[in-house]
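Worksheet: one structure, shown below.
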Amino acid sequence: MTETVISSATSEVKIGFDRPFVIIGERINPTGRKILAEEMKNGDYSRVETDALSQVAAGASVLDVNAGIPLADEPRILAEAIQLVQSITAVPLSIDSSIVAALEAGLEVYQGKPLLNSVTGEDDRLEAVLPLVRKYGCAVVAISNDEAGISENPDERFDVAKKIVERAADHGIHYSDIVVDPLVMPVGAVNSAGRQVVHLVKRLREELRVNTTCGASNFSFGIPNRKGMDAHFLSMAIGAGMTSAITNPLHEEVMQGIMAANVVMGHDNNCSRWLKRFRQPVPEGDSPAEGRGGRRRRRRA
């Protein structure tokens with residue numbers, strides 16, 4: 001059993017094959033959010049604070065923090081956002097940037113062992129990011145694309161993931177600290193996108209023994225009822241062995257799909273998490289035993 005351990009200063013989360021699915025909250029990301037981008041650029045993190053607290057309250061175990069704002073000082077903004085989020089919540093963070101300097105700025109201020117998002121299969125990217133992973137002792141998301149782009153052949157994407165795992169080993173990084181993103185294609189454009197993910201996740205688990213993640217909302221991009229589609233996609237991906245995803249925990253349909261999949265897979269002992277969230281309260285003045293007995297008496301009458 002492979003476990004990827006990440007932590008804050010006071011708590012840790014384990015991503016693993018036999019553990020409940022880990023929800024990584026996606027909302028601290030200015031991409032496509034003009035107001036948030038402008039606020040973060042100007043040093044206003046009030047909306048970041050609200051998004052952090054609401055996602056944790058909704059069930060996120062990890063928060064992704066991204067500061068990708070064009071023409072802004074991304075290293076500074078990302079570091080400031082990380083410090084703010086760590087001051088108000090205890091969950092571990094995913095430090096998310098395509099800029100290596102921003103990743104390092106985030107790592108320098110982070111308290112604990114974060115998830116670094118991300119490294120890809122390009123040689124220059126590997127040689128820039130993997131030394132950071134080794135230096136700071138963090139875990140890393142490995143995205144299955146390289147100089148050739150994103151292949152529609154899932155076996156080619158597996159080969160890219162294998163290359164990253166092997167190159168990481170050359171840097172002294174254990175495969176348990178690598179969480180592979182097999183890349184989810186929009187099903188509205190690629191009809192086989194779901195089958196590709198199921199195929200890839202199974203191979204990644206069985207052959208490379210790595211944990212997996214994805215940007216779940218990519219699957220439903222461009223089609224209606226996205227929340228419902230994402231919920232069913234994630235439940236089937238969990239059945240195939242996926243162990244985490246970057247998604248929005250404020251979407252109730254998505255949370256129900258994930259939590260139900262945890263029950264089906266035996267990752268919710270005695271259905272305790274499901275019952276805690278969905279069990280109806282007993283009417284005042286009644287007891288569960290009396291309610292059941294009353295129903296039995298009515299059936300016998």
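Results, tabulated for the structure shown:
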read-out: Unique match (being of a type in the set (Val, Ile, Thr), outside any helix (DSSP H, G or I) and touching a Ser or Thr at 6+ places or on another chain (Cβ under 9 Å)) among Val140, Val160; value: Val140
read-out: Residue ID - nearest to Pro20 (Cα to Cα), chosen from residues in the range 52-63 that are open to solvent by less than 10 Å² (accessible area, probe 1.4 Å) and in contact with a helix residue (DSSP H, G or I) (Cβ under 8 Å, 6 or more places away or on another chain); value: Leu63
read-out: The range 146-164, residues that are surrounded by fewer than 20 Cβ atoms within 10 Å (Cβ to Cβ) and either within 17 Å of Lys202 (Cα to Cα) or not hydroxyl-bearing (Ser, Thr, Tyr) (or both); value: Glu147, Ala148, Gly149, Ile150, Glu152, Asn153, Asp155, Glu156, Asp159, Lys162, Lys163
read-out: Cross-chain or 6+ apart pairs with Cβ under 6 Å, the range 92-121 first and of a type outside the set (Lys, Arg), then assigned to a loop (DSSP other than H, G, I, E, B) and open to solvent by 50 Å² or more (accessible area, probe 1.4 Å); value: Gln111/Ala9; Gly112/Ala9
read-out: Condition check for Tyr175: in contact with a helix residue (DSSP H, G or I) (Cβ under 8 Å, 6 or more places away or on another chain), surrounded by fewer than 22 Cβ atoms within 10 Å (Cβ to Cβ) and of a type in the set (Ser, Thr, Tyr); value: yes
read-out: Residue among Leu103, Leu116 that alone is open to solvent by less than 40 Å² (accessible area, probe 1.4 Å) and either touching a His at 6+ places or on another chain (Cβ under 6 Å) or assigned to a helix (DSSP H, G or I) (or both); value: Leu103
read-out: Failed criterion for Gly25 (all others in (1) in contact with a Leu (Cβ under 6 Å, 6 or more places away or on another chain); (2) open to solvent by 30 Å² or more (accessible area, probe 1.4 Å) hold); value: (2)
read-out: Options His251, His232: the member that is open to solvent by 70 Å² or more (accessible area, probe 1.4 Å) and either in contact (Cβ under 8 Å) with a residue 24 or more places away in the chain or polar (S, T, N, Q) (or both); value: His232
read-out: Cross-chain or 6+ apart pairs with Cβ under 7 Å, the range 64-89 first and closer than 24 Å to Ile23 by Cα and open to solvent by less than 10 Å² (accessible area, probe 1.4 Å), then among the aromatic types (Phe, Trp, Tyr) and assigned to a loop (DSSP other than H, G, I, E, B); value: Ala81/Tyr45; Ile82/Tyr110
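The values are calculated or read from the model by the stated rules, or taken from the named source; none is laboratory data. This is a predicted model, so every value here is computed, not measured. Positions of Cβ are backbone-derived with ideal geometry, glycine not excepted, and every protein chain shown enters the neighbour counts. Areas reflect the complete protein model, heavy atoms only, side chains present, ligands, DNA and RNA absent. Shrake-Rupley method; radii C 1.70, N 1.55, O 1.52, S 1.80 Å.
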